[in-house]
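Worksheet: one structure, shown below.
The values are calculated or read from the model by the stated rules, or taken from the named source; none is laboratory data. The shown structure was predicted, so the numbers you read here are calculated from the model rather than taken from an experiment. Neighbour counts are summed over all protein chains in view; Cβ atoms, including those assigned to glycine, are modelled from backbone coordinates with ideal geometry. Side chains included, ligands, DNA and RNA excluded: accessible areas come from the protein's heavy atoms. Shrake-Rupley method; radii C 1.70, N 1.55, O 1.52, S 1.80 Å.
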Amino acid sequence: MPKRKNLDNPTSAISSFKRLFKNSKYKEGVLAQLFYVAAQIMCWTFIIQYAGNLGIPKAEAQNYNIVAMTIFLCSRFISTFLMKYINSKKLLMIFALCAMATISGVILIEGIMGVYLLLATSAFMSLMFPTIYGIALDGLNKEDTALGAAGLVMAIVGGALMPILQGSMIDMEKIGPFSGVNFSFILPFICFCFIAVYGYRTLKIHN
């Protein structure tokens, strides 16, 4: 991160905020980060409920959570390697589309295959946080990077808000022809849709 002068200068901070507010790529990046963190928390938090809906004991279901985090970690190394050959914005879009595909299976399939697809989603989430962070900050003035970085970190508030809504949907037990647990994953699906659009827009429009 570049060094900034006049960190305690209110006028400088206000000017930075105004410039950031006018920067569409940055603003959309903050929203994409918010939706990503929300999707990650929802996918990991409710693995137990999803597996439990299939009659799997909670102690065993927790093991799936550990597997999901292991997949996430391994995929982070793989995706970092892939960035040597594939544009990070394009890779972000591809991974978000893949996450949409796996979450679609989570919603539509009532069985152990749905659990496996939920675990597979972690592979596609692995690159999202640092990639969105880097894309959103890329091209900002040196004076704006510190405030911009703070805004992206604060976007983790999404992880505190949307899981509450998903929990409410799970409590409904049935939503139309779907169980409440299955249908509740429409929320991570929507989050990944926004991230895919952000990847596309940074690749084709904001570039």
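Before moving on, here are some points about what is shown:
- Size of region 34-120 from its Cα atoms: along the principal axes, largest to smallest, the extents are 43, 24, 23 Å.
- Charge tally for residue 131 (other residues, Cβ to Cβ under 15 Å; Lys, Arg +1; Asp, Glu -1): +4.
- Most mobile of 149, 59, 68 in a GNM of the chain (Cα contacts under 10 Å): 59
- When the Gaussian network model of the chain links Cα atoms closer than 10 Å, the mean-square fluctuations of 121, 102, 145 top out at 145.
- Contact order, relative form, for region 1-120: 22 percent (alpha carbon pairs under 8 Å, 6 or more residues apart, mean separation divided by residue count).
- Cα pair count fraction exceeding 21 Å, expressed as % - the chain: 55 percent
- Cβ-derived FRET efficiency at R0 22 Å, residue 205 paired with residue 22, nearest 0.05: 0.90
- Span from the region 79-98 Cα centroid across to the region 23-61 one, whole angstrom: 20 Å
- Between 0 and 90°, nearest 10: helix 128-137 axis offset from the chain longest Cα axis: 20 degrees
- In the context of the full set of protein chains, the chain has a per residue accessible area of 51 Å² (1.4 Å probe).
- The accessible surface of the chain, taken with every protein chain in place and a 1.4 Å probe, is 67 percent carbon and sulfur.
- Placed amide H near residue 175: partners under 5 Å, 5+ positions off or other chain: 180
- Inter-part distance, region 163-179 to region 123-141, computed on C-alpha centroids, equals 31 Å.
- Choice from 163, 177, 188 showing the highest fluctuation, given a GNM over the chain with Cα pairs closer than 10 Å: 177
- Excluding exposed DSSP-loop trypsin sites (Lys or Arg not before Pro) (at most 14 other C-beta within 10 Å), longest clean stretch of the chain: 85-207
- C-alpha long axis of helix 88-108 to longest principal axis of the chain, angle in °: 20 degrees
- The chain: angle of helix 112-125 to the longest principal axis, Cα-based, in degrees nearest 10: 10 degrees
- Over region 122-161: Kirkwood hydrodynamic radius from C-alpha pairwise inverse distances, Å: 11.2 Å
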